[in-house]
Structure formats: C-alpha cells, structure tokens
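Below you'll find the structure, written out as structure tokens, and then a few comments.
The values are calculated or read from the model by the stated rules, or taken from the named source; none is laboratory data. Since we're looking at a predicted model, the values are computed, not measured. With ideal geometry, Cβ positions are generated from the backbone for all residues, glycine too; neighbour counts draw on all protein chains shown.
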Amino acid sequence: MAYILNIETATKNCSVSLAKDGITVLFKEVAEQGYSHAEKLHVFIEEVLKESQVNFQEIKAIAVSKGPGSYTGLRIGVSTAKGLCYALGIPLISVDTLQVLAKQVAIEKGLIVPMLDARRMEVYSAVFDSNHHKIMEVQAEVLTDNSYADITENIYFVGDCQEKCQTVLTASNFMFLPEIIFPSAKDMSALSYAKFIQNDFEDVAYFEPFYLKDFMLPGKN
C-alpha cells in the first residue's frame, strides 16, 4: 500500500490530493485570481491528511506538477515538495503539467490538446491521443489560423485560454471544452503512482521546475 501526496500549483489553481495506490482518496483546491498558493498550499496539505486520517510518516512519496506554467506557482509547489521530501526522507516524483490537464478528458477517438496561457497569442501546449499518450512534445507556440490545420481528426482543446484560442482556431474539427480549465492534483494520482512503482524519482537536491521559457517581469517583452 502506497500513499502519495500530489501537489499541483502550476496555474491559478492551488491543488493538493492524497492518493492510495494510484486512486485519489481526497483533494482540496481553489482557483483564485490573486494566486493564493503561498497561503493555501500548506493548509490544504494539513487538511487532506487530517481528514483522511493519514499521518506524514505513512506517505511514501511526494509528487509535484513540474510545469510548464506560472513561474511563481511552480516555485512554490516544487519548494514545498522538496522540503517535505527532505524532512520525511522520501522520494520526489515529477509529473508533466499538461498531461495532468489532458487526463481530465475522456474520449474514444481523436486528439487532446491541453493549453496553458502564456503571452498574447502564445500558449504552452502538447498533443495526446485518446489514451493520454503524448504524441507531440510540450512547446511554446504562437497560435495562428494555420495552427493544427494539417490534422483531420477531432481535436479537443482544454485549458485556461479558450477565449483567445477560439478567435483563430475555427476549423470544424476543433472542439473546445470550456469546463476544463486548470490542471488538478486529483488527476495526478495514477500518473504519480505509475512512476512510483517504476522507481522513477527525481534528484531532490537538483530538481528544478520545467519553465519552458525564461522568467519575464510583467510588462517586459
């Protein structure tokens, strides 16, 4: 039996889940405009463990959403995860943020494209098949009328940039799922457990988030 604590802070959604053998037991999350991660993350961790009646000594690993995403959000999540791993002497697992977002989509056929807003018409994206296998690597791309024009299958877009995406992605095979906006720790459970049983761990001392792009101050080009 393996309890894993999952932490997802790559976007406005501050999210924590406790999983047992890959199944989510309990999760807490809130998405706020002001990025309240620093205030809410440790509270959520304590609440999830207390309500599940699980103590820190029973946790076998900490999993964190590694990015891409918000620079500040990723720093908070990763630093918290690393601190817990050091304190408890347990391994660190990293999970692809866009794969976590894609896991919320259940389709029989077609492609899933999770997207996170970057700047202007730029997004962080990847492409997954209906079984959530990645078939196109994570990239920072600028959306145009020609984006994904060579794909004839139905494409299901999810993420926090639906409004701007729909202004340029207008083909009849493009489907938008506006109810799915942010990645959530509840969808990390199976992904982190698969890495756990394969001993696919990160070096706690040297692990850094996957920013994809260099950090830029607001207002800078």
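Couple of notes before you dig in:
- Taken residue by residue, segment 142-164 has no member that is of a type in the set (Lys, Arg) and under 20 Å from residue 66 (Cβ atoms).
- Hits in segment 18-60 (condition: part of a loop (DSSP other than H, G, I, E, B) and over 23 Å from residue 89 (Cα atoms)): 32, 33, 34, 35, 36
- Note on segment 165-221: residues that are small (Gly, Ala, Ser) and either at pLDDT below 95 or loosely packed, with under 12 Cβ neighbours inside 10 Å (or both) total 3.
- In segment 33-61, the residue that is nearest to residue 119 (Cα to Cα) out of those that are in contact (Cβ under 8 Å) with a residue 24 or more places away in the chain and among the small types (Gly, Ala, Ser) is 38.
- Criterion: in contact with a helix residue (DSSP H, G or I) (Cβ under 9 Å, 6 or more places away or on another chain), under 28 Å from residue 115 (Cβ atoms) and exposed (fewer than 15 other Cβ atoms within 10 Å of the Cβ) - qualifying residue of 30, 64, 16: 30
- Only one of 61, 81 that is touching a Pro at 6+ places or on another chain (Cβ under 7 Å) and under 20 Å from residue 196 (Cα atoms): 61
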